[in-house]
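Every number in this text was worked out from the coordinates using simple rules, so none of it is lab data. As the structure is a prediction and not an experimental result, all values here were calculated from the model. Glycine gets a Cβ as well: all are built from the backbone with ideal geometry, and neighbour counts include every protein chain shown.
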Amino acid sequence: MRIILLSMGLVIGLAGCERSAAQDAEAYNRLCELYGEAQKDGQEGFARVNALANRVENELPEINTFFQYLSELPPDEAFASLKAKASKKVGRDWECEAARQFYAQ
């Protein structure tokens, strides 16, 4: 009986991990969309960064603290850090051309 309960707990725990990875992928894909939208909204400089920060805070609170950290890095380091963190969270190589361009400007 004990083995069955342990096995069930392991299955439930693994299912939770898979769901979390899927949720992370969804969040980072949405973040990529937000970078793209920020590129198209016509704002520049601080206004553009601030508008994106507000959207991340409202739409992706689970990423907000990390996004704030990125805003304090030099642009070349920010994209590299974002790519590394997103790739680790989603479990595969994460690419976002919109984010790359955002930090290149």
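Remark: pairs (first residue in the stretch 37-52, of a type in the set (Asp, Glu); second residue surrounded by fewer than 14 Cβ atoms within 10 Å (Cβ to Cβ); Cβ separation under 9 Å; 6+ apart in sequence or on different chains) = GLU44/GLN105.
Within the stretch 95-105, restricting attention to residues that are within 16 Å of VAL49 (Cβ to Cβ) and outside any loop (DSSP other than H, G, I, E, B), the residue that is farthest from the chain's Cα centre (by Cα) is ALA104.
Right, ALA78: surrounded by 12 or more Cβ atoms within 10 Å (Cβ to Cβ), small (Gly, Ala, Ser) and closer than 18 Å to GLU26 by Cβ or not? It is false that ALA78 is surrounded by 12 or more Cβ atoms within 10 Å (Cβ to Cβ), small (Gly, Ala, Ser) and closer than 18 Å to GLU26 by Cβ. Which of the residues belonging to the stretch 59-73 are under 10 Å from the mean Cα position of the chain (by Cα) and either in contact (Cβ under 8 Å) with a residue 24 or more places away in the chain or closer than 20 Å to ALA47 by Cβ (or both)? Selection gives LEU60, GLU62, ILE63, ASN64, PHE67.
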